[in-house]
Amino acid sequence: MSGNYSILIQKLDEFIRKYYRNQVIKGCIYATGISVAFFLFITIAEHFAWMSPVMRAVFFYLYLAVVIAVLVRLVIIPLLKMMRLGKVISYQQASAIIGNHFAEVKDKLLNTLQLNEQLQHHDSELLRAGIEQKIKDLNPVPFSGAIDLSKNKKYLPYALLPLGVLVFILFAAPNIIKDGTTRLVHYNETYHKPAPFVFEIKNKELTVIQQNDFTLTLKVSGAELPDQVYLKTGDRQFKMDKEDKQSFTYTFHHVVKNTPFQFFADGFYSDNFELKAVPNPTVLNFNVEINYPAYLGRKNETLKNTGDLQVPAGTYLKWNFKTENTNKFSVTMNDSVYPATAVEGGSYQFSKRMLHSATYSIATANDFLANKDTLSYSINVIPDQYPTISVEEQKDSLSTQRLFFRGLIKDDYGFSKLAFHYRFLKNSNDTTSRSDKLMSELISINKNTTQNEFFHYWDASTLGVTPGDQLEYYFEVWDNDGVSGPKSARSQTQIFKAPTLKELAENTEKTNENVKKDLQESLKQAQKIQKQIAEAARKLLDKKNPDYEDKKRVEELLRQQKELDEKLNQIKTEQQQNLARQNEYKNNESQLAEKQQQIQELFDRLQNPELKELMRQLEQMMAQLDKQKVQDMLDKMKMSNKDLEKQMDRTLELFKQLELEQKLQDAITNLDKLAEDQKKLSDKSKEKNADSQKLKEEQNELNKQFEELKKDIAELEKKNQEMEFPQELANTEQEQKDIEQDMQQSEQELNQNNKSKASESQKKASEKMQSMSNKMKQQMAQSEQEQAEEDMASLRYLLENLLRFSFDQEALMEDLRTVDVNNPSYIKSGQQQKKLQDDFKIIEDSLFALSKRVVQIQHTVNTEISAIESNIQKSIAFLQERQVPVARSSQQYVMTSANNLALLLSEALEQMQQQQQQQKQGNGSCKKPGKGKPGPSAEKLKMMQQQLTEQMKNMKGKLEGMKKNGGKGDKGMSEELARMAAQQEAIRNGLNELNQQENKDGKNSLGNLGQLANQMEQNERDIVNKRITEETLKRQQEILTRLLEAENAQREREQDQTRKAEQAKEQFLRNPAAFEEYKKLKEKQTELLNTVPPGLNTFYKNLVNNYFQGLQY
């Protein structure tokens, strides 16, 4: 039973749902009709009535209320009940509705429900049976059929009629619905009845940037046009400017905010408009922080409101912008956009390190306006330029290996270092450790200036440069670029080429020929001057006083003498340079080097200071026109010039001798080297893997060198025959032929590829070369020894003759003391003096000839000879005039000069003997070793002067005793006085030489030795005149005291020189006088430049620097 009853209940539930579904459908039809009808009513009313905002609001909300109420009541509530939400009809009510619809049901359904309720209270089979029976009767009845949904069609006209009207109006007059709906929805806005004309704004946008003006343009169109149009904003009206019938304008000034407005004309209003004020993004101010690279040493700075900049490369720039109304900020630099960093307070920052020039622009923007104004600037970046360097080079006049450089380096900011680089390109030693190895020397400079002048000295001799070597050298400077790294610049690369041995020989030969030629020309010029002096003296003798012609003649004579002096100075310099070049690349043997130095000293002494003084005095006397004095000066000048002739003649002959010895030594050296090279080639030929072609080329080269050597030997023999005193040279013709034959034989064997036989021939040639070299050496040593012995014998003979002449002259001088001028024997005295003159002429000629061979004979010999000749001539003249006292005085000077000459020759002989002894100790292989007579020293002169002082004290006593004895013993005493006078003169000459050596710098470090020499000369006169007094001894004591002071000063300086020898030598080489002077001037300039106030900027500092650089000293 329970199952059938449940089915019955389900059928009732289905009925109830259909019941409410029918109400929902009917409610939707009614709701649609009511809503549409009411919508049509209020929209049509608004369209035609132009209700006020209040009325539109009432109708708007009334419409909403009605629609909501209808929907709730007719649709929503039935819909909820259909879903069993809320109170619905009961089963009994549903049974009544079903019974009323179905006649067969009537009350059965209701009775069944009631019986079921009773059964719930009283369980009865009878009730259960009755219920079952009724349910069976009701099962065929479809309860839901009691509701007919199709009956709702009769209600559709209530909805379709309003909808039809709405559709019709939408198609026929849509503005009625559109305008009314719009105004109802926007009920709070004021709408005016459309005017018979239209307000049309011609501006595309109603926006303006704050603080700017905005001109509004209005166009009026329609059937009727107003004459005036007003613009209303807020409570104020403004008359618009009429441009024409349809156009009106109005300008808003300094708009700061949004401005609503509308147009009004002839009682009609336009719609409401609004002019929007857009905030303007602006840059109020900015600054740039400039951080310079640290290496520039410049102080960082900040510039305000300066966009165009000029900065060095590597500068770090930081911009700080103060903006307003800006939320976007960008910087465009060289087509690249960089966003700036926002900071507090509307500020932005941007930073960049500048390496290249650029243009940049800044742009501001906000949400309303983008990039209104763009500010463009430029940055000129000054790159760190490459440094520049210019160098001037000057070679030492005496050495090709010593170079002096003066350079100028420039840079825009400063320097980091300066270096001098050099390396061997070609090394005759072929040492790989030196070739291609770059060597550098750093040069001290001021790194903080923009330009620097520097000096550098380079001595290539310290590198062991040999003939034929090549070196390249250059300077390199680096700037102090701290951004890209130091950049360097080089000077032009120069090549130092050391001359080959062949080139050295050719240059030496050429220079020697020039020197000899110049000496011969100078000798001829001196002889010419000598004749002119004699002619001038002869013509002056016939006149009472010199006239204008004599003056001009003497002036011309002096001019020629000056030219000769300049020529001799040029010869001296040329020979000095020649000697320096010879010794620069090859080390001569000590004896040859010594002789070279002695010959150079002869060249140095060709310029006679006494002759220059005579010329100066002669010029002064010609102005005074004193005949006697001019005559005396011409005589002195004649004697001095004659002495000069002899010196030049002697120097020329000794120079030829030196040239011959040097060429002979070079030939022997080249022969030894050729023998060694030939031996090396012989050893190479023994090797099995030796290249025959290369061996042939080397042998051919040696053959050529031997041919050149043969030419040198032939030239050597030719020069020897041209000499005044030819030497005996070794005859090597046979050796040359044998060597040449062996060398040719080896070349033939190499052509036949017979290397072993070629090696034997090469070895034979090498041995014969060595034998030939030994023969030449032995012959040279033998010749030198024989010549030395011959020269010593000649010198010894001359010395004996000179002493004999001195004694004879002294004897004649003593005889004249007692001879009466009227005695017939007086004439014999004059004849004896002439005989002595002839005897001395023989001595003079022999001595002069000997001096051309013996370099040890000092140049002062010629001076003493000239003095003897002059005084002999004077004594003869005075004897003829019967002036015996004056004649004896001249004879005394003759004897003094003869004694001096004897001392000089004795010293020369002693020196030659010492050298010969040293030569024997050296096994005969060394020619004249040693340095000859040592230079005078203050200590030695002091000791000699002390000995002379003691002799003078003894002589003073003897003279006083002789006066008491009536003049007896005068002869022996005169000889002793002559020796003392000669000793004093020798000491004086040594003092003058010491003065020239030690005081040549003019500082008189050993005292005024010239004044001391004058005191010695006064003592000589006292000795000659036999006037040794207390005053003489006192003067002698003063001389000893000052010699002691000179000795101490010389000892201290020698000690100081010993301590600083190397340093002093280096300073001399690296800083010649002129070079050092110029360097000091430039250092003063630098010191002055350093005093420039540091506050000056770079531009003015450069101006100051350029000014000093342009100064010429």
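For region 473-504, give me the residue count where each residue is surrounded by fewer than 16 Cβ atoms within 10 Å (Cβ to Cβ) and acidic (Asp, Glu).
1
Please find, within region 204-248, the residue that is modelled with the highest pLDDT out of those that are among the polar types (S, T, N, Q) and in a loop (DSSP other than H, G, I, E, B).
Once the filter is applied, the top-ranked residue is GLN228.
Filter region 341-365 for residues that are more than 29 Å from ASP384 (Cα to Cα) and buried (at least 17 other Cβ atoms within 10 Å of the Cβ) and give the result.
SER347, TYR348, ALA363, THR364
Considering only region 204-216, state which residues are surrounded by 15 or more Cβ atoms within 10 Å (Cβ to Cβ) and free of Cβ contacts under 8 Å to residues at least 60 places away in the same chain.
If the condition is that a residue be surrounded by 15 or more Cβ atoms within 10 Å (Cβ to Cβ) and free of Cβ contacts under 8 Å to residues at least 60 places away in the same chain, then LEU216 is the only one that fits.
Scan region 728-749 and tell me whether some residue there is within 24 Å of LEU501 (Cβ to Cβ), surrounded by 13 or more Cβ atoms within 10 Å (Cβ to Cβ) and at pLDDT below 80.
Yes, because at least one residue in region 728-749 is within 24 Å of LEU501 (Cβ to Cβ), surrounded by 13 or more Cβ atoms within 10 Å (Cβ to Cβ) and at pLDDT below 80.
Go through (1) touching a residue at least 24 places away in the same chain (Cβ under 8 Å); (2) surrounded by fewer than 17 Cβ atoms within 10 Å (Cβ to Cβ); (3) more than 30 Å from ASN900 (Cα to Cα) one by one and return the number of the condition ILE713 breaks.
(2)
Please find, within region 443-471, the residue that is farthest from GLN494 (Cα to Cα) out of those that are of a type in the set (Asp, Glu) and assigned to a strand (DSSP E or B).
The extreme case among them is GLU453.
Here is a yes/no grid of residues against (1) at pLDDT 85 or above; (2) among the aromatic types (Phe, Trp, Tyr); (3) crowded, with 18+ Cβ neighbours inside 10 Å; (4) under 23 Å from LYS26 (Cα atoms):
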{"site": "GLU46", "(1), (2), (3), (4)": "no, no, yes, no"}
{"site": "ALA49", "(1), (2), (3), (4)": "no, no, no, no"}
{"site": "SER52", "(1), (2), (3), (4)": "no, no, no, no"}
{"site": "ALA57", "(1), (2), (3), (4)": "yes, no, no, no"}
{"site": "LEU64", "(1), (2), (3), (4)": "yes, no, no, yes"}
{"site": "ALA69", "(1), (2), (3), (4)": "yes, no, no, yes"}
{"site": "ARG73", "(1), (2), (3), (4)": "no, no, no, yes"}
{"site": "GLY86", "(1), (2), (3), (4)": "no, no, no, yes"}
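If a residue must be surrounded by 15 or more Cβ atoms within 10 Å (Cβ to Cβ), under 19 Å from SER351 (Cα atoms) and either touching a Phe, Trp or Tyr at 6+ places or on another chain (Cβ under 6 Å) or free of Cβ contacts under 8 Å to residues at least 60 places away in the same chain (or both), how many such residues does region 288-301 contain? Spell out the reasoning first.
Step one: filter region 288-301 for residues surrounded by 15 or more Cβ atoms within 10 Å (Cβ to Cβ), giving 288-293, 295-296, 298.
The next check asks that each one be under 19 Å from SER351 (Cα atoms); those that pass are 288-293.
Going one step further and asking which of them are either touching a Phe, Trp or Tyr at 6+ places or on another chain (Cβ under 6 Å) or free of Cβ contacts under 8 Å to residues at least 60 places away in the same chain (or both), we end up with 288-292.
Final tally of qualifying residues: 5.
Would you confirm whether any residue within region 260-279 is at pLDDT below 90, small (Gly, Ala, Ser), part of a strand (DSSP E or B) and surrounded by 14 or more Cβ atoms within 10 Å (Cβ to Cβ)?
yes
Among the residues in region 559-573, are any under 26 Å from LEU403 (Cα atoms), of a type in the set (Ser, Thr, Tyr) and at pLDDT 70 or above?
Yes, some residue in region 559-573 is under 26 Å from LEU403 (Cα atoms), of a type in the set (Ser, Thr, Tyr) and at pLDDT 70 or above.
Restricting the search to region 314-330, which residues are at pLDDT 90 or above and within 34 Å of the chain's Cα centre (by Cα)?
Matches in region 314-330: THR315, TYR316, LEU317, LYS318.
Can you name the residue in region 674-696 that is loosely packed, with under 15 Cβ neighbours inside 10 Å and within 24 Å of LYS737 (Cβ to Cβ) and is also modelled with the lowest pLDDT among such residues?
Of everything passing the filter in region 674-696, LYS680 is modelled with the lowest pLDDT.
Can you tell me which residues in region 472-493 are charged (D, E, K, R) and part of a loop (DSSP other than H, G, I, E, B)?
Selection gives ASP481, LYS487.
Before we move on, is THR332 touching a Phe, Trp or Tyr at 6+ places or on another chain (Cβ under 9 Å), assigned to a loop (DSSP other than H, G, I, E, B) and farther than 26 Å from THR190 by Cα? Lay out the reasoning, then the answer.
Numbers: touching a Phe, Trp or Tyr at 6+ places or on another chain (Cβ under 9 Å): yes; assigned to a loop (DSSP other than H, G, I, E, B): no; farther than 26 Å from THR190 by Cα: yes.
For THR332, the condition - touching a Phe, Trp or Tyr at 6+ places or on another chain (Cβ under 9 Å), assigned to a loop (DSSP other than H, G, I, E, B) and farther than 26 Å from THR190 by Cα - is not met.
For THR400, are the conditions met, namely being at pLDDT below 90 and among the β-branched types (Val, Ile, Thr)?
It is true that THR400 is at pLDDT below 90 and among the β-branched types (Val, Ile, Thr).
The values are calculated or read from the model by the stated rules, or taken from the named source; none is laboratory data. Because the structure is a prediction, the values reported are computed rather than measured. Backbone-built Cβ (ideal geometry, glycine too); neighbour counts: all protein chains shown.
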